[in-house]
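Here's the structure we're looking at; comments come further down.
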Amino acid sequence: MNPVEVAHFLPDTEATEVLGRALAATRPARAVVHLQGDLGAGKSTLARAMLRALGVTGAIRSPTYTLVERYPLADGSEALHLDLYRIADAGELEFLGLDGTDAALWLIEWAERGGALLPGPDVQIVLELDQSGRNVELSAFTETGRLWCKAIVQEWPVARDSSVHLGGS
Ligand SMILES: Nc1ncnc2c1ncn2[C@@H]1O[C@H](COP(=O)(O)OP(=O)(O)O)[C@@H](O)[C@H]1O
Ligand SMILES: [Mg+2]
């Protein structure tokens with residue numbers, strides 16, 4: 001249904017950050033990203049690298065306790081970084097003031113805990129520990145996401161140089 005478009009091995013933290021920069025460089029005007037994987041898989045590392053590449057200069061805190069952090073972007077739009085690991089039930093989301101939020105970029109860790117109150121993903125990124133590195137898989141859920149995954153293959157050197165584009169045409 002939502003085939004994996006891109007899959008690759010990320011040998012170290014820097015490799016995760018390179019992917020984050022490639023995602024930022026190819027980002028569509030509006031995008032929702034769901035980041036999946038166990039604690040320590042590298043979800044925040046990837047989100048932080050994207051936000052940095054988008055020009056966020058101050059501290060980028062993990063929203064572990066605040067659940068959401070908001071970042072103004074240079075073009076006047078807004079990026080949101082959510083981490084719902086500590087949410088007790090999806091109803092708590094109502095208190096975050098996200099209703100009517102029109103962010104250009106949503107980066108959501110533990111989106112599965114937010115249920116239907118969250119926007120669905122354009123791209124889902126799954127990170128998984130593999131020895132000392134991580135495996136990453138990108139899946140597209142919308143046409144925007146599918147085009148984004150295609151663009152990533154062009155922008156992300158390791159992807160361009162190897163046969164990681166699994167999706168059709
Ligand atoms: N590809 C990778 N290989 C090895 N370590 C990584 C990789 N990507 C990230 N890390 C490391 O994993 C640790 C946990 O990352 P973090 O982003 O906080 O995980 P999460 O948000 O998924 O809980 C960090 O110390 C980070 O440097
Ligand atoms: Mg995290």
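Any residue at all in the stretch 48-67 that is outside any loop (DSSP other than H, G, I, E, B), within 12 Å of ligand 1 (Cβ to nearest atom), small (Gly, Ala, Ser) and in contact (Cβ under 8 Å) with a residue 40 or more places away in the chain?
There is no residue in the stretch 48-67 that is outside any loop (DSSP other than H, G, I, E, B), within 12 Å of ligand 1 (Cβ to nearest atom), small (Gly, Ala, Ser) and in contact (Cβ under 8 Å) with a residue 40 or more places away in the chain.
So which residues in the stretch 119-142 are without any contact (Cβ under 8 Å) to a residue 60 or more places away in the chain and surrounded by 13 or more Cβ atoms within 10 Å (Cβ to Cβ), if there are any at all? Outline the logic, then answer.
Let us first name the residues in the stretch 119-142 that are without any contact (Cβ under 8 Å) to a residue 60 or more places away in the chain, namely 131, 142.
Within the stretch 119-142, THR142 is the sole residue that qualifies.
Answer yes if at least one residue in the stretch 70-79 is among the acidic types (Asp, Glu), surrounded by fewer than 19 Cβ atoms within 10 Å (Cβ to Cβ), out of contact with any Gly (no Cβ under 6 Å at 6 or more places or on another chain) and in a strand (DSSP E or B), and no otherwise. Reasoning before the result, please.
Taking the stretch 70-79 as the starting set, the residues that turn out to be among the acidic types (Asp, Glu) are 75, 78.
When the remaining residues are screened for being surrounded by fewer than 19 Cβ atoms within 10 Å (Cβ to Cβ), the result is 75, 78.
Okay, now just the ones that are also out of contact with any Gly (no Cβ under 6 Å at 6 or more places or on another chain), so 75, 78.
The next check asks that each one be in a strand (DSSP E or B); those that pass are 78.
Yes, the stretch 70-79 contains at least one residue that is among the acidic types (Asp, Glu), surrounded by fewer than 19 Cβ atoms within 10 Å (Cβ to Cβ), out of contact with any Gly (no Cβ under 6 Å at 6 or more places or on another chain) and in a strand (DSSP E or B).
If you scan the stretch 1-35, which residues turn out to be in contact with a strand residue (DSSP E or B) (Cβ under 6 Å, 6 or more places away or on another chain) and either basic (Lys, Arg) or more than 16 Å from ligand 1 (Cβ to nearest atom) (or both)?
Listed by number, the residues that qualify are ASN2, VAL4, GLU5, ALA31, VAL32.
Each reported figure results from applying straightforward, stated rules to the coordinates on display, with no laboratory input. Just so you know, these numbers come straight off a predicted model, no measurement behind them. Please note: Cβ atoms are built from the backbone with ideal geometry, for glycine as well, and neighbour counts cover all protein chains shown.
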